[in-house]
Every structure is written in C-alpha cells, then in structure tokens.
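Since the structure comes first, as structure tokens, the remarks are kept for the end.
The values are calculated or read from the model by the stated rules, or taken from the named source; none is laboratory data. No experiment lies behind these values; they were computed from the predicted model shown. Neighbour counts run over all protein chains shown; Cβ positions are idealised from the backbone, glycine included. We work out accessible area using only protein heavy atoms, side chains counted, and drop any ligands, DNA or RNA first. Shrake-Rupley method; radii C 1.70, N 1.55, O 1.52, S 1.80 Å.
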Amino acid sequence: MQSTLGEILKRVKERNYHDETVFFQAVEEVIRSIKPLLDNDPRYEQNGILDRLLTPDRIVTFKVVWLDDHNKVQVNKGYRVQFNNALGPYKGGLRFHPTVNVGVLKFLAFEQIFKNSLTGLIIGGAKGGSDFDPKGKSDFEVMKFCAAFMTELHKYIGPRVDVPAGDIGVGAREIGYLFGEYKKITSSYEGVLTGKPFMFGGSLMRPEATGYGVVYFVQALLEMEHKESLEGKICTVSGAGNVAIHTIEKLQHIGAIPVSCSDSQGTLYDSRGIDLALLKEIKLTKRGALTDYLKTHANAQFIPTRDYPEGGHAVWSIPCYAAFPCATQNELSLVDAKMLVKNKTVLVAEGANMPSTTEAVLFLQKHGVSFAPAKAANAGGVAVSEFEMSQNASLQRWSFEKVDAKLKETMTQLCKRVVLTAKDYGVEGNYVDGANIAGFKRVADAMIAEGF
Ligand code: NDP
C-alpha cells in the first residue's frame, strides 16, 4: 500500500527529530558536581578542559537499508558517538530502540566517559545505535538489519579504536550477528565487540555483569556507610531485561527479597519474591509478556502502566528497603521519589543509565536516602567488557570464578573511590558528586598530560 504524503512527512520529521534535553541534563549534573574542583585548580580552565570534554570527538550518522520478510526495503538511521578517548579506546554499547536519536546517544556517551574512568580501566567513552526496533522482528530480519548496520559501522571501529557492546535491544543474538558480519567484511577475528556469546570469544559472566555489579556496589556501600547488609531486605527492581534480571538474581543469591520487575506495559509485584526461573523463561526464552507470570502465580499483581496516575510509576509505590531502577532514563520522577521517601526507603541504586530525574535525585538526597548514581553503580557491565577485551587480546579464557572475583573487587574499589572522593571534597555522603569528581579528574588529568 502507498504511503500518504502525511505519513511520509511524519516519518521524515520523526527521523530528523533533534532533542538534546537528556544530554543537557547529564552535563548539568556533572558541572554542578565538579565546580569545587574547577574553582580550586586553574589548570582545567587554562587547558580548556570543560569545552573540550563537552564536545564529542566525532559523531558518525549513517543510513541502514535492509530487506524485511515481505521483501520490502526498510530504512533506519545508525549512529556512533565517539565522545572521548583520553583514557583508552572508545567503549560503550549499541542501543536499538525507536527512541534512539543523537541527543539520547550523546547523553549516554557522555555518561560513559565518567563511568569508564571510574572503573580505573583503560577505556574511553562512546555510545551508538539505531532507531531500529528488534521487537516483533523475526530472527532473520534482525540478522539482515545487523549485517546492514555493520556494513557502515565497521569503518569506524577496531579493537584498539572503538569497541562497542550491547545495550537496550542489543543482546547476545544481535552482537553475534554484528560480529559475524564484521568478520565477513574484514576477514579477521578481532575482539571488536564485547558481549559476544561464549562459544566464539565472549567472556563468562558478561550477561550477568551489570546486574551483579550493581549489587556488589550496594553491598560495599552499605557496609562502608551504614554497617548494614541487604540480607532479608525487601527490594524493588524495575525493568525486565538484562540488567533487571541479573540484579534480581544476585539479590536472591545474597538473601535479599526482590519483589518486582516491570516493562513498558506495566509493573509486576509478587510479595513472596519474584520467581526468577519463570521470569527468565518469559522474557529471555520466549520474549513474552509479563502478564504471562500470572498464569503460574495467580496471587501476583500486574499494574498496567496506563492505569497508574500520570507522572509516577507503580513500581516505586511498593514499600522497600532498597530500590533498583533498571529499565531506562528518567523512569523515576519526583512523584516517585516522594513515594520512596514516604515509604522510608533507605537506598536507591541506579542499574539503568540516568533513570532518575534531576528533581528526584535532589529530593532523595535531601531526605537522607543513600543515592548510588548509574555511572558508579552500573559500571560492572563495562568492566567485564574490558575483561573480555583482555581475554581476546591474549587469546585466553578466564573462569567464571575469576571474572566474578575481579568484578566484585572492581566494584568494591570503585565504591571506595566514590565515597572517599566525596569526603575529600567536603560533600560526604553525596555519591553523585563523589562519582563525578573522581571520574572527571582522571579524564581531565589525562587530557592535560596528552596535550590538545
Ligand atoms: P534490555 O533491552 O535488556 O531491557 C530493557 C528493559 O527496560 C525492558 O524490560 C524494557 O521493557 C524496559 N523499558 C525500556 N524502555 C522502557 C520505558 N520507556 N518504560 C518502561 N520500561 C522500559 O536492556 P538492558 O537491561 O541491557 O538495559 C537497561 C538499562 O541499563 C538501560 O538504561 C541501559 O543503558 C543500562 N545499562 C545496560 C548495560 C548492559 O550491560 N546491558 C550496562 C550499563 C547500563 P520493554 O521490553 O517493554 O521495552
């Protein structure tokens, strides 16, 4: 059927939509945090560090043309934002989701610079992706899209240049197809993508890394700052993808009781604790709907997104000791923050990237909730990606136990760095400032040492 003029114009407008609000939000937070550092050290001003750091090294935009199962040609937009490589090769995930645009990827790549810096590893910051939606597509369509995407992307990446990984909509299946195409084009086996399936060079524990890392970070934080543990504590988790599922899994390992998860359709609440095997079967194996959970557990509740009052999210109305937003940006609003404070939540740890709005963060901090920001708490994913790069470069394979121990150590050290930096700069207990200052300082000092 022919598209109408109105439909064509709508598509063009959507495809060229440009909104940098989330990028500005991320920048504002960092600048607010590092002001004391800038005020006390004139080198940053003299070397133009802020202006240099706020401008991406380059943004590549390209067209992705592929053939769907009805033999119709489809067109999507592809991007790679290479923001800063002062500390090492560009590193950051690829997101396939209809909401992807330059503004979203600039925000994610900017955050990635500081996150990667905080890990103490040798990696710079980048992010990429496409407005392609893998949902509802056949495996064959996803494969054809990934091949077309890599036809362009391969020109800009390399094991010592830029090493992408997964993110929303990009899991082991997509990484496998992307890697296969890269090899076909270049005829070389290189660790150019991380998050690969284990059988051809992926690291053990990469799928679990971000979720497990969040819990390791929180364990370290609670021990250092509250002399507390998560054992026996009710926890709420949002999202039902890679990060959420593995956060739930590690919480269960350590004896906490995660009682929720969510997706774009709504929130699932099971007061007896989430049945993880069932959730994995629904979401990872069958790529199904959360409501399927109720067929096995009739006592659980599903609250559709549309039934919850505007501005808030049902998942944050469930009383809990600790809350773990693990779905997407700005999913925890001021309304939600007020609810968490009312319910006496002790800690919020961000598994997703910037899931809390600025107003929500300030409100939680003002009311004494320990707030662990994404760039610190969810750095476990990129840390294990770097372990995958090391394994690939040396053609070695590390055991699950070795990767897990290194991940735990990385998150514990990262937590100490954040807590102590906050203390050193007179903002004790403010882990947002601690993370921003520590992350910024390492990158900025490297930029000065390398010249402009
Ligand atoms: P997945 O694609 O595996 O899962 C995303 C989950 O979030 C899905 O359950 C999805 O539901 C839900 N979701 C997405 N958009 C919305 C929305 N607008 N409202 C409600 N729910 C939504 O992605 P990941 O788990 O990998 O990533 C989740 C977050 O973690 C992202 O912010 C990502 O950037 C961040 N992150 C991921 C890392 C990783 O290693 N994968 C590393 C560090 C950070 P639905 O299926 O219905 O869309």
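Here are the numbers:
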item	result
Bridge type composition, region 204-452 - antiparallel percent by DSSP, nearest 5	40 percent
Debye log10 I(q)/I(0) for region 55-200, one point scatterer per Cα, at q = 0.15 Å⁻¹	-0.69
Label zone at SER399, where the point sits 7 Å out along the Cα-to-Cβ direction: region 191-221 residues whose backbone N lies under 16 Å	204-205
Charge dipole (debye, nearest 20) of the chain; +1 at Cβ of Lys and Arg, -1 at Cβ of Asp and Glu	640 debye
Alpha-carbon radius of gyration plus Dmax, which is the widest Cα pair, for region 119-277 in Å	18.4, 54
Span per principal axis, largest first, for the Cα atoms of region 250-386 (Å)	42, 41, 26
DSSP bridge orientation in the chain - percent antiparallel, rounded to nearest 5	60 percent
Burial order of peptide ranges 158-171, 33-46 (average beta-carbon count within 10 Å, highest first)	158-171, 33-46
Accessible area per residue in Å² at 1.4 Å probe, computed on the chain	43 Å²
Ranking by accessible area, most exposed first, for VAL427, VAL384, VAL12 with a 1.4 Å probe	VAL12, VAL427, VAL384
Global form of region 204-452, assessed from the alpha-carbon gyration tensor, a/c cut-off 1.5	oblate
Relative packing of peptides 147-156, 394-403 - highest average C-beta neighbours within 10 Å first	147-156, 394-403
Rounded Å value of the spacing that divides the Cα centres of region 368-394 and region 272-287	25 Å
The chain: DSSP helices with Cα axial extent of at least 30 Å and average Kyte-Doolittle hydropathy no lower than 0.0	none
Computed log₁₀ I(q)/I(0) - Debye formula, equal Cα scatterers, no solvent, the chain, q 0.14 Å⁻¹	-1.42
Charge dipole (debye, nearest 20) of region 204-452; +1 at Cβ of Lys and Arg, -1 at Cβ of Asp and Glu	200 debye
Accessible area of the chain belonging to carbon and sulfur atoms, whole % at 1.4 Å probe	54 percent
